[in-house]
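Let me begin by presenting the structure, written as structure tokens, before commenting on it.
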Amino acid sequence: MNEQKAIATSQAMENQCQQIDEANPETILKDFRRDGYVVLKAVFSKEYINALYLAFRNRYEQSFTDKNAKEIIQVGDKRYQIAVEVKGVFNSPELYANPFIFPIIEQLFDGDFIIGDLTCVTSLPGAKTMAIHCDGRIFTRHPLTSLLPPHAVGALIPLIPFNQLNGPTRVWPGSQKSGPSSSLLNDKSNFIDLEVDTGSCILMDHRIFHSGNPNLSEQIRPLLYINYSAPWYFDPVNFTKQAPLVVSDADFEQIPDNHKKLFIRRQIKPSGS
Ligand SMILES: O=C(O)CCC(=O)C(=O)O
């Protein structure tokens, strides 16, 4: 674990050019509920993220060119989603039950949640802008929909520092409530590009509108994506061709008993198979 204290930033804090120098759960929750995202800085050590990065490259780099690789789907121009096996350095409570992130997730779901999917979205050099989208909405036409709490929350973990060259994730703060038809998405000044260093985590409401910027660098840009959700929610769109959570029996045995319930979806097949 990093010696540094976790730092949370949100749109409001950045507008005011300030940060809180210690993760304050109440502020984080308030900002997350208002903006639909929050950045938690220094929640992982750089060494651990680098170990994840090396393990990811080692295991999956050839999948980007292998047309038959079943663990990979295309989600944009030169942008791929890989279902990462929860194995080796990925099979660690530091990752899926991180002491800075987990208490916030627990509060957002009132203690009752699972890991719906664990993937890595990677843009390759030359990838173009990803279409603006949200990861999933429910009760979209209900008049009270904007009052609902999130049914799923992504922990987005950059495996290299994200900058304007390699294409940071772009979010439209508040769009988790306003929906796609609002003027929010059309106004070019309403988005934020999340240029974050390794060790950081972006918590993102599943309903927020976002996209990926072009990758103008010569390096792959991997974004680890752990989606926590209410136990009743199944993502109906993103896992028709890909299993959402890949954990072997042997690896499941290594998960501490108090965390095993997070992985109840581990044997779910792709919903379109
Ligand atoms: O590549 C990115 O920065 C965003 C990826 C994304 O939005 C997604 O996979 O839903």
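Taking interchain pairs and intrachain pairs at least six residues apart, which have beta carbon atoms under 8 angstrom, with the first residue in the range 62-87 and within 17 Å of Ala243 (Cα to Cα) and the second in a helix (DSSP H, G or I) and of a type in the set (D, E, K, R)?
That search, which allows pairs on different chains as well, returns Glu85/Arg59; Glu85/Asp251; Val86/Asp251; Lys87/Asp251.
Out of (1) farther than 30 Å from Glu106 by Cβ; (2) not in a loop (DSSP other than H, G, I, E, B), the odd one out for Arg141 is which?
Of the numbered conditions (1) farther than 30 Å from Glu106 by Cβ; (2) not in a loop (DSSP other than H, G, I, E, B), the odd one out for Arg141 is (2).
Inspect the range 81-90 for any residue being over 24 Å from His259 (Cα atoms) and of a type outside the set (A, V, I, L, M, F, W, C) and give the result as yes or no. Give the derivation first.
Step one: of the range 81-90, the residues over 24 Å from His259 (Cα atoms) are 81.
Retained after the next criterion (residues that are of a type outside the set (A, V, I, L, M, F, W, C)): 81.
Looking for residues that are over 24 Å from His259 (Cα atoms) and of a type outside the set (A, V, I, L, M, F, W, C), one finds at least one in the range 81-90, hence yes.
Pull out all pairs, ordered by first then second residue, where Cβ-Cβ is under 7 Å, the residues are six or more apart or on different chains, the first lies in the range 196-207 and is within 9 Å of Pro150 (Cβ to Cβ), and the second is among the basic types (Lys, Arg) and surrounded by fewer than 22 Cβ atoms within 10 Å (Cβ to Cβ).
Partner pairs satisfying both residue conditions: Arg207/Arg137.
Exactly one of (1) out of contact with any Asp or Glu (no Cβ under 9 Å at 6 or more places or on another chain); (2) at pLDDT below 95 is unmet by Gln107. Its number?
(2)
Please list, ordered by first then second residue, the pairs with beta carbon atoms under 7 Å, 6 or more apart or interchain, first in the range 222-234 and aliphatic (A, V, I, L, M), second more than 14 Å from the ligand (Cβ to nearest atom) and assigned to a loop (DSSP other than H, G, I, E, B).
Ala230/Phe109; Ala230/Asp112; Ala230/Phe113; Ala230/His151
Select from the range 257-269 the residues that are part of a loop (DSSP other than H, G, I, E, B), in contact with a Pro (Cβ under 8 Å, 6 or more places away or on another chain) and not aliphatic (A, V, I, L, M) and list them in ascending order. Full working, then the answer.
Of all residues in the range 257-269, those part of a loop (DSSP other than H, G, I, E, B) come to 264-269.
From the residues that got through so far, the ones that are in contact with a Pro (Cβ under 8 Å, 6 or more places away or on another chain) too are 264-265, 268.
Arg265, the sole residue that qualifies.
For residues that are surrounded by fewer than 18 Cβ atoms within 10 Å (Cβ to Cβ) and out of contact with any helix residue (DSSP H, G or I) (no Cβ under 9 Å at 6 or more places or on another chain), tally how many sit in the range 130-147.
Qualifying residue count, the range 130-147: 7.
If you scan the range 242-262, which residues turn out to be farther than 17 Å from Gly154 by Cβ and surrounded by 14 or more Cβ atoms within 10 Å (Cβ to Cβ)?
Here is the first cut: in the range 242-262, the ones farther than 17 Å from Gly154 by Cβ are 243, 246-261.
Residues satisfying the conditions are Ala243, Val246, Val247, Asp251, Phe252, Ile255.
As an exercise: evaluate Val237 against (1) at pLDDT below 95; (2) surrounded by 15 or more Cβ atoms within 10 Å (Cβ to Cβ); (3) under 17 Å from the mean Cα position of the chain (by Cα); (4) within 13 Å of the ligand (Cβ to nearest atom) and give the number of the one condition it does not meet.
The failed condition is (2).
Of the residues in the range 165-193, how many are surrounded by fewer than 21 Cβ atoms within 10 Å (Cβ to Cβ), closer than 23 Å to Gln81 by Cα and either of a type in the set (Lys, Arg) or in contact with a Leu (Cβ under 8 Å, 6 or more places away or on another chain) (or both)?
The total comes to 2.
The values are calculated or read from the model by the stated rules, or taken from the named source; none is laboratory data. If you're wondering where the values come from, they're calculated on a predicted model, not measured in any experiment. In this analysis, Cβ positions are derived from the backbone assuming ideal geometry, glycine residues included, and neighbour counts consider all displayed protein chains.
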